[in-house]
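Structure, as structure tokens:
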Amino acid sequence: MIDAHGHVGGWADFFVPEPGAAWLVDVNTEIGIDVVGVSHLVAVGRDPAAGNELALAEAERHPGRIGVWLVADPYRPDAAALLREQLDRPGVWGLKLHPDTHECAVIDPRYEPLLELAAAAGVPVLSHGQTRSPYSDPGDLAELARRHPAVPVLVGHAGLWQDGFDRAARLSAAQPNLYLEICGSRLTTRWLERLVAVAGADRVLFGTDACFLDPRLGLGKVRFARLSDEDRALVLGGNAARLLGRRLILASQETP
């Protein structure tokens with residue numbers, strides 16, 4: 001099982017009871033999640049360059065259990081050059097965009113060099129997605145996917161708000177490289193079933209938003225959804241494994 005959307009670190013706006021990677025790995029071991037892709041919250045909220053290094057250090061401490069989404073800074077002129085070097089580090093999955101925190105619309109030209117880097121490196125891009133946001137509405141993420149057809153674009157939270165889930169699913173169904181990632185407390189098992197029915201099971205990826213949310217709740221949402229065994233397997237890891245390819249390293253593959 002592959003958790004496509006996690007975090008480590010603290011956050012200034014609210015209390016995170018277990019911000020450490022060790023806790024996350026321990027819980028995932030208990031419930032059967034093999035690996036989680038994280039972005040460090042220092043990178044999301046304050047300093048992408050420093051936070052990415054913190055995430056890379058956690059991947060080194062927990063090889064095959066922690067993957068890294070490198071947070072892309074749209075304001076830093078040398079961001080693409082720095083990320084290009086970091087993309088070659090072990091455990092890196094791809095790029096993470098957080099347009100709302102950075103207050104830079106995902107279709108802003110400042111993101112273009114970063115998307116071009118993702119295309120050249122052959123990595124997916126996970127973006128925060130928030131219905132009606134001026135920065136990350138799923139419609140804008142669909143436009144980003146159209147502009148960069150070689151880049152798998154993951155809509156984080158599948159649009160976040162309940163009134164946007166169905167639209168996000170229809171956008172994904174219409175755009176071959178647009179995927180829905182399902183973490184969030186508002187996305188229920190019934191909404192998951194609807195996303196799979198509209199977008200297709202091959203376009204939906206499991207995520208938990210740990211350590212903001214307990215991964216046990218996120219996993220239960222998929223376990224108890226009325227999905228076929230084949231569709232559930234795609235959501236829980238098959239789709240992520242296909243998109244990540246050789247970048248996916250599991251602990252079971254590590255040399256002792």
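Just the number, please: carbon plus sulfur as a percent of the accessible area of region 145-204, 1.4 Å probe, no ligands or DNA/RNA counted.
Carbon and sulfur atoms account for 50 percent of the accessible area of region 145-204.
Rounded to whole Hz and in sequence order, give me ³J(HN,Hα) for region 91-102 from the Karplus expression 6.51 cos²θ - 1.76 cosθ + 1.60, θ = phi - 60°, writing x for Gly and Pro.
Each residue of region 91-102 in turn: x, 6, 9, x, 9, 10, 10, 10, x, 6, 5, 7 Hz.
Over region 189-232, consider all pairs of different Cα atoms and compute the Kirkwood hydrodynamic radius from their mean reciprocal separation; express it in Å, one decimal.
10.8
Using a Gaussian network model of the chain with C-alpha springs under 10 Å, which one of 128, 102, 40 is most mobile by mean-square fluctuation?
Sorting by GNM fluctuation, first place goes to 102.
Over the Cα atoms of region 87-130, each weighted equally, I'd like the Debye log10 I(q)/I(0) at q = 0.22, 0.29 Å⁻¹, rounded to two decimals.
Scattering profile of region 87-130, log10 relative to I(0): -0.77, -1.10.
I'd like to check one number: the per residue accessible area of the chain, probe 1.4 Å, reported in Å² as a whole number.
Per residue, the chain has 41 Å² of solvent-accessible surface.
Explain nothing, just compute: Karplus ³J(HN,Hα) = 6.51 cos²θ - 1.76 cosθ + 1.60, θ = phi - 60°, for every residue of region 27-42 in order, whole Hz, x for Gly and Pro.
5, 4, 4, 5, 9, x, 7, 6, 7, 10, x, 10, 10, 6, 5, 5
Expressed as a whole percent, how much of the Cα-Cα distance distribution for region 98-187 exceeds 14 Å?
Across region 98-187, Cα pairs with separations above 14 Å total 58 percent.
Once phi is turned into ³J(HN,Hα) by the Karplus curve 6.51 cos²θ - 1.76 cosθ + 1.60 with θ = phi - 60°, what whole-Hz value does each residue of region 150-155 show in order, with x for glycine and proline?
Ordered by residue, 3J(HN,Hα) equals 7, 9, x, 10, 9, 7 Hz.
Sequence-distant or interchain residues sharing an amide H contact under 5 Å with residue 160, placed H: which?
For residue 160, whose amide H was placed from the backbone, the distant partners under 5 Å are 131.
Restricted to Cα positions, what overall size does region 27-151 have along the principal axes? Three whole-Å values, descending.
Answer, in whole Å and largest first: 39, 31, 29 Å.
Between residue 92 and residues 5 or more places away or on another chain, which pairs have amide H atoms under 5 Å apart, with H built 1.01 Å from N, and which residues are they?
68
The values are calculated or read from the model by the stated rules, or taken from the named source; none is laboratory data. These numbers were taken from a predicted model, which means no experiment stands behind them. Ligands, DNA and RNA are excluded from the accessible area calculation, which covers all protein heavy atoms including side chains. Shrake-Rupley method; radii C 1.70, N 1.55, O 1.52, S 1.80 Å.
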